[in-house]
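Here the structure comes first, spelled out in structure tokens, and everything after it is commentary.
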Amino acid sequence: MNRLNDRIICLIDMDCFYVQVEEIEQPEYRGKPCGVSQYNPYKGGGLIAVNYEARKFGVKRGMRGEEAKKLCPDFNIFYVKEKRGKADLTKYREASQKIFEIILKHCDKVEKASIDEAYLDLTDLVMDKFRNQSINNVKFSDSFVYGSFSLENQADPGKNLEAWLDINSDLSRECSDVYLIIGACIVQEIRQDIRETLGYHCSAGIAQNKTLAKLCAGLNKPNKQTILPANSVEPLLATIPINKMWKIGCHSS
């Protein structure tokens, strides 16, 4: 498995990580619109993280807390503690370290992209499982596949995933889609371990390079994983403005 298009790369992205850290400490806020504010408390401070419950009301990162409260009166703000005039991110870094320790139990080829994002090269793990035929019964609970594979109901994500899995039901066949399926099984196990051990949920993208993994990780957030087959890459890229492309972006466009 030396060809670039046979690599299996995953991005794990902790959904609204800073808010989740606060919710772990204060579980009574779970399911409520919340955000995290850092530094200058002027007008409620600048929001560095906003959960999905708050986003439904139009609250976004970068807003002032007071502006968010106008959009969502029940919006709750957590404030990052300060130490010697600077933001004290200790508890967030410690939470991140615990998450990475779990990831490293499953995969030793990990690149830390940020405090709440990790790239995993699953290629060797996938090939070991492929050669040993150790994955026989594929069951996904919160997965999506990008592309149109269901002839009956293309608008139904579950039917679409089921159709794609049926097309690739022979897991002994050497092809990139089978490798992606095995990789997605591994990622599902990692995400489940993080959730059951620490209480955090995350999203993920499974593709054949880092850029594609990052793109598809954001397609079905939160708490979902998205698989990008090789023949769906071109249709996906056709929908994305070049200034939204990771490692290309506005500086190059």
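The values are calculated or read from the model by the stated rules, or taken from the named source; none is laboratory data. Please read these numbers as outputs of a predicted model, since none were measured by experiment. Note: ideal-geometry Cβ built from the backbone for every residue, glycine included; neighbour counts use all protein chains shown. The accessibility values were calculated without ligands, DNA or RNA, using every heavy atom of the protein model including side chains. Shrake-Rupley method; radii C 1.70, N 1.55, O 1.52, S 1.80 Å.
For segment 34-44, the count of residues that are farther than 30 Å from ASP121 by Cβ, open to solvent by 40 Å² or more (accessible area, probe 1.4 Å) and at pLDDT 95 or above is zero. The residues of segment 76-92 that are surrounded by 15 or more Cβ atoms within 10 Å (Cβ to Cβ) and β-branched (Val, Ile, Thr), listed by number, are ILE77, VAL80.
If only residues of segment 60-75 that are in contact with a Phe, Trp or Tyr (Cβ under 6 Å, 6 or more places away or on another chain) and either open to solvent by 50 Å² or more (accessible area, probe 1.4 Å) or outside any helix (DSSP H, G or I) (or both) are counted, the one that is nearest to ASP88 (Cα to Cα) is LYS69. Criterion first (part of a helix (DSSP H, G or I), touching a helix residue (DSSP H, G or I) at 6+ places or on another chain (Cβ under 7 Å) and open to solvent by 80 Å² or more (accessible area, probe 1.4 Å)) does GLU152 satisfy it? When the stated conditions are applied, GLU152 does not pass them.
Taken over segment 175-199, the criterion of being free of Cβ contacts under 8 Å to residues at least 24 places away in the same chain and either among the polar types (S, T, N, Q) or part of a loop (DSSP other than H, G, I, E, B) (or both) is satisfied by CYS175, GLN192.
The single condition among (1) outside any helix (DSSP H, G or I); (2) surrounded by 13 or more Cβ atoms within 10 Å (Cβ to Cβ) that LYS139 does not satisfy is (2).
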